[in-house]
Protein chains: 2
Amino acid sequence: MNALRRRPTQLDVARAANVSQAVVSYVLNDTKNVSILPETRRRVHTAIAALGYIPNTAARSLRSRKTHMIAAIIPDITNPYYPEFVRGVQDVAQTRGYDVLAFNTDGDPEIERSALNAARRGRVDGLIVTPFYLTIDDYLPLLEEGTPITLLSELADTDMPGHVPLDAISVSGEASARAMVNYLIAKGHTRIGMISGRMATPPREARVRGYQQALAEHGLSLEEVLIKGGDFSEAGGYDAMREILTIEPRPTAVFAANDLMAMGALLACREMEIVVPDDIALAGFDDIPAARLVHPALTTLNQGAHATGRRCAEILLSRIDGSYTGAVRRETLGFNLVPRVSA
Amino acid sequence: MNALRRRPTQLDVARAANVSQAVVSYVLNDTKNVSILPETRRRVHTAIAALGYIPNTAARSLRSRKTHMIAAIIPDITNPYYPEFVRGVQDVAQTRGYDVLAFNTDGDPEIERSALNAARRGRVDGLIVTPFYLTIDDYLPLLEEGTPITLLSELADTDMPGHVPLDAISVSGEASARAMVNYLIAKGHTRIGMISGRMATPPREARVRGYQQALAEHGLSLEEVLIKGGDFSEAGGYDAMREILTIEPRPTAVFAANDLMAMGALLACREMEIVVPDDIALAGFDDIPAARLVHPALTTLNQGAHATGRRCAEILLSRIDGSYTGAVRRETLGFNLVPRVSA
DNA sequence: TTGAAAGCGCTAACAG
DNA sequence: CTGTTAGCGCTTTCAA
C-alpha cells in the first residue's frame, strides 16, 4: 500500500515560508489589528500554494466555536415541497460560506429531537426547523446556549411566545387555505370536502382552520364527515378520496392540503371514472413541479418554497453572524393561487 | 440579556462524578482495553445526565480524525431523481451514526471541485459523488490522503482506472437505454427520436450509446438529426420536442433521457394537439414520482434511486470503517422498465 | 510587524 | 481499574 500523505498544517506552511505559525493564521484570516508586510504575505501565499495547504475545519471550529454549518430539519426530502425549500437554503448558505446538513424527521418527534441535538454537539452554528411536534421546551436548551434557530412554521403568533429569540417564517397556511376554499366557493361550490393531512400537525391544523373560516364567512355549515385524513402522501390522498366519494350527497369540490394527496385523489377519481373537474372539482396545495403536468392540470397554491428557503437562511445567518441583533422576527410570506384545470 | 450557559465539558462531568476526565471519555466510548468499575460507570452516567453533557464533535474530530459525516455531491436536489437517492444515502448513514452533507453542483465543474474540497478541509470522512465533469485527477489528492470516495457513475469500466481505490456504482445508463429503445422497436417503431440531455455529461453519453446500440442491433440507421439536446430540464424537453416535431418525416416515437424532459415533451405535444401515444409514442427515464401521474402515464425506466443511494452509502461506509479493505468494487445495479400508457 | 504561548475539548498512550 | 499527560491544528491574547 502506498503511504498516505499527511495533510499539511499551518506549521508546515510556516516553516516553508520562514515565518511563525501565527503569521500564517493572520494572513489566512486577514486578522484585524495585525498588519503583515506585503512581502511576508506573499511568501506565505506561495508556501500555501506549494504545499496545497487546506485549513482543517475541526481545529478551526474547536478554537473559534464556529462550524460554518447550519442544519435544515425537515420532514422528508422526498416530499416534493422540500427539495426546493432546501435548495433555497443551500443557495444562500453557500454564498455565505456555510454548508447545510439536512435531516429528515419523517414527522417523528424522537427524530426531530435527535436532529436538534446535532447542534448541541457543536456540529452546527444554527438551525432551520420545520417543526411538527417540537415545542418551545425542546428549543430551550439550544437557546440558552445561544444557538440561533429559525422556524418555518404555520403556527399563529399567539402560539409562539414572543419573548424568546426564535425567528419564524410563516407560510400562512391558514390564510392561503382560506383563499383556496374561497376560490372554490366563488366557483359555485357549497359542499366542499377536505383531505387534510396528518392529524395534529401544524400544517394540517392551519389549513383546516382556513377551510373552516372560508366556510363560516359564507355561512356554509361545517360537516366533520367531509374532512378526511391523508397523512400528506399520495397513497393517503387516494384512500381519503375513495372515502369521500362514498359520502351521500357527494361534495362537488375537494380541497386537498397538499398536491401529493390531490394527485392520489386524482388517481382515485380516474379509477372510479369520476371526471375532474366536471363531476367533482379538486384543488391542491404547494404547487409542486408535477402539479401542472398531471391531467387535468391541478389548481393549486404556490407558497414559493425556494424563496421561503432563501429567506429562512437569510434570517438565520443574520443572527449567526450578528448582523442582526434586534427583536424577534415573525414574517409571513405571500402565496399565489394558481388556477388551472382541476378546479 | 441572559447570560449564555456554557456547555458542560468532560472535565465538568469528571468533577461532578469524582473521577478523572479520561474516565469520562472511557465510559463514553466504551474504550477497549480499559475496564471501568460498574459503580464508577454509574457515577459518570449520572453526572452526564445531571449536567446535560453532550460531546463536542469538533474536539472529537480534531483528536480522532473522524467527523462522522459524509458528503453527497449531486447535480441538483431539485431534480426529482435525487431526493430519493439522497434519502437512500441518509437512511443508511443515519443508522450508522453518520450525518450527510449535500452539495448541489448544477453540473458546474468549478462547483464540483469546490465540493470535493469540503473533504480536504477535514469536514467529511468520505464522499459519494455523481460526477459530471470530474476526472480521476480531481480525486487524486483525496485518495492520496486516504479519503474514501464512492462514485455514482455511468462510466464504463474502461474509462475508470481499476487500480485506484475508487468504488463505483453504475446505473448502467447504456444497458437500460438500450432496453428502452428495444422496447420501442418491439412496439413497431423504426424511426425513433431522442431527447438526450446536456451535452458531454456522462448520463447523456451512456444513454445515447444505448440508443445507438439498439438501433444498430436492429439494422436501423442512425440519424443525428433525430437527437436533440434538452439539458435534463422540463423546459429543455419542451424545446427539444418542438424541434423534433418539425422534422420530416416525423419520428413515430421519442425516447427522452429523463422523465423531466419527457414531461416537457408531453406539454409540447399537448400544445400542438399531437396525441400521445397515438400520434407519437414517448418514453422517459428515471420513473420519478410524477411519471405515473401525468397524462398519459409515462412509460419509463426505474433505476431504483433509493436503493442506489443506500448501496452507495453502504459501500462508502464499509471503506470508512475499514470493514472492507478488498479490491475496488464496480457494481451495476439492475433496472426495471415500466410500461405505462405513453409508449 | 512578528513571535511565543495558551488552550479550545477531546482521545489515547502510558503510568501507576 | 484509574489518573496523568501529550497533543490534534487552529485562533488569539500578550510581548517583543
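Brief remarks follow.
- On inspection, B:Thr78 qualifies as farther than 22 Å from A:Ala118 by Cα, more than 9 Å from DNA strand D (Cβ to nearest atom) and of a type in the set (S, T, N, Q).
- Taking the criterion of being within 16 Å of A:Phe132 (Cβ to Cβ), in contact (Cβ under 8 Å) with a residue 60 or more places away in the chain and not hydrophobic (A, V, I, L, M, F, W, C), the residues of region A:76-100 that qualify are A:Asn79, A:Tyr81, A:Tyr82.
- Matching entry among B:Arg65, B:Arg96 (being more than 9 Å from chain A (Cβ to nearest Cβ) and over 19 Å from B:Ala14 (Cβ atoms)): B:Arg96
- Pairs with Cβ under 8 Å, 6+ apart, first in region B:50-73 and acidic (Asp, Glu), second at pLDDT below 90: none
- Subset of region A:1-22 that is in contact (Cβ under 8 Å) with a residue 40 or more places away in the chain, of a type outside the set (Asp, Glu) and within 15 Å of DNA strand C (Cβ to nearest atom) - its residue that is surrounded by the most Cβ atoms within 10 Å (Cβ to Cβ): A:Val13
- Of residues in region B:31-43 being near DNA strand D (Cβ under 9 Å from one of its atoms) and under 43 Å from the mean Cα position of the chain (by Cα), the one nearest to the other protein chains (Cβ to nearest Cβ): B:Thr31
- Residue, surrounded by the fewest Cβ atoms within 10 Å (Cβ to Cβ), within region B:54-89, restricted to residues that are over 18 Å from B:Ile169 (Cα atoms) and away from DNA strand C (no atom under 16 Å from the Cβ): B:Asp76
- Candidate set: region B:3-22, residues that are within 14 Å of chain A (Cβ to nearest Cβ) and outside any helix (DSSP H, G or I); chosen: the one farthest from DNA strand D (Cβ to nearest atom): B:Arg5
- Condition met for B:Ala206 (crowded, with 18+ Cβ neighbours inside 10 Å, at pLDDT below 95 and in a helix (DSSP H, G or I)): yes
- In the condition set (1) buried (at least 24 other Cβ atoms within 10 Å of the Cβ); (2) assigned to a helix (DSSP H, G or I), B:Gln212 is compliant with all but (1).
- Residue pairs meeting the criteria (Cβ under 7 Å; at least 6 apart or on separate chains; first more than 8 Å from chain A (Cβ to nearest Cβ), in region B:103-125; second within 16 Å of DNA strand D (Cβ to nearest atom) and among the basic types (Lys, Arg)): B:Asp125/B:Lys66
- Residues of region A:231-253 that are touching a helix residue (DSSP H, G or I) at 6+ places or on another chain (Cβ under 8 Å) and within 14 Å of A:Leu267 (Cα to Cα): A:Ser233, A:Glu234, A:Ala235, A:Gly236, A:Gly237, A:Tyr238, A:Asp239, A:Ala240, A:Met241, A:Arg242, A:Ile244, A:Leu245.
- Breaking point among (1) away from chain B (no Cβ under 14 Å); (2) surrounded by 16 or more Cβ atoms within 10 Å (Cβ to Cβ); (3) more than 25 Å from A:Arg123 (Cβ to Cβ), for A:Ser25: (3)
- Breaking point among (1) under 39 Å from the mean Cα position of the chain (by Cα); (2) at pLDDT 90 or above; (3) away from DNA strand D (no atom under 16 Å from the Cβ), for B:Val27: (3)
The values are calculated or read from the model by the stated rules, or taken from the named source; none is laboratory data. It should be emphasised that the depicted structure is a prediction, and the values quoted were computed from it without experimental measurement. Using ideal geometry, Cβ is built from the backbone for each residue, glycine included, and neighbour counts are taken over all protein chains shown.
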